[in-house]
Amino acid sequence: MSLLHALILGIVQGFTEFLPVSSSGHLALVPWLFGWDDFGGDQSLENAFDVALHLGTLVGVIAYLRDDIRRYGVALLSSAAGRPHDISEARVGGLLLVTAVPTGLIGVLVLSSTADLGDRTWLVAVCLIGFGLLLGAADRRPGDRDPDSLRVRDALVLGLAQGLAFQPGVS
């Protein structure tokens, strides 16, 4: 892979990760659109590069949110240990943990399977269009949910929905 291609894909990842579009879908489509075959058809190398880009994003997010992560984590651990804590922060920490469980399980299943979900460009494109329409419809739906009204069931549903994001074009 050329340095220019890596730089372009890094920029695509950086711009799309925090928008309501699929960064992994765009990482799959950009090389296809430009006719790049940087990995000689070796899907495992391409996947490793994509994971490295996402890990870079994760490091940035953790650095940026470190105070919130620490606050929710300490409150959750204090609650579990029976020590004084902020109830609402412990609740948020617990719901985040519950949300991570189905996402992690789906991730382990997807990553341990031999099927590669990202190598079918048509599927990525269909997912981008379909989930774009779904997000547009959801955005037009009236009403807001109060974060304090979220329950464990809601966290599980969010975790399952996030687990779908392992398919490029969905998240």
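The values are calculated or read from the model by the stated rules, or taken from the named source; none is laboratory data. This is a predicted model, so every value here is computed, not measured. Backbone-built Cβ (ideal geometry, glycine too); neighbour counts: all protein chains shown.
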key: Answer from VAL12, VAL30, VAL92 - the residue that is hydrophobic (A, V, I, L, M, F, W, C), within 25 Å of GLY159 (Cβ to Cβ) and either without any contact (Cβ under 8 Å) to a residue 40 or more places away in the chain or surrounded by 13 or more Cβ atoms within 10 Å (Cβ to Cβ) (or both)   = VAL92
inquiry  = Report every pair of residues separated by at least 6 positions or lying on different chains whose Cβ atoms are under 6 Å apart, first residue within the range 47-62 and surrounded by 15 or more Cβ atoms within 10 Å (Cβ to Cβ), second not acidic (Asp, Glu).
reply    = ASP50/LEU27; LEU53/GLN13
ask   = Between residues in the range 16-27 that are farther than 19 Å from LEU133 by Cβ and of a type in the set (Asp, Glu) and residues that are part of a helix (DSSP H, G or I) and at pLDDT 85 or above, which pairs lie under 6 Å by C-beta distance while being six or more apart or on different chains?
value = GLU17/SER23; GLU17/THR57
ask   = Across the range 76-89, what is the total count of residues that are part of a helix (DSSP H, G or I) and either touching a residue at least 40 places away in the same chain (Cβ under 8 Å) or small (Gly, Ala, Ser) (or both)?
value = 5
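This table checks each residue for (1) assigned to a loop (DSSP other than H, G, I, E, B); (2) at pLDDT 85 or above; (3) of a type outside the set (Val, Ile, Thr).
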| site | (1), (2), (3) |
| --- | --- |
| THR57 | no, yes, no |
| VAL74 | no, yes, no |
| LEU111 | no, no, yes |
| THR114 | yes, no, no |
| LEU158 | no, yes, yes |
| SER171 | yes, no, yes |
note = Exactly one of ASP86, ASP38, ASP42 is among the charged types (D, E, K, R), out of contact with any helix residue (DSSP H, G or I) (no Cβ under 8 Å at 6 or more places or on another chain) and modelled with pLDDT under 90, and that residue is ASP42
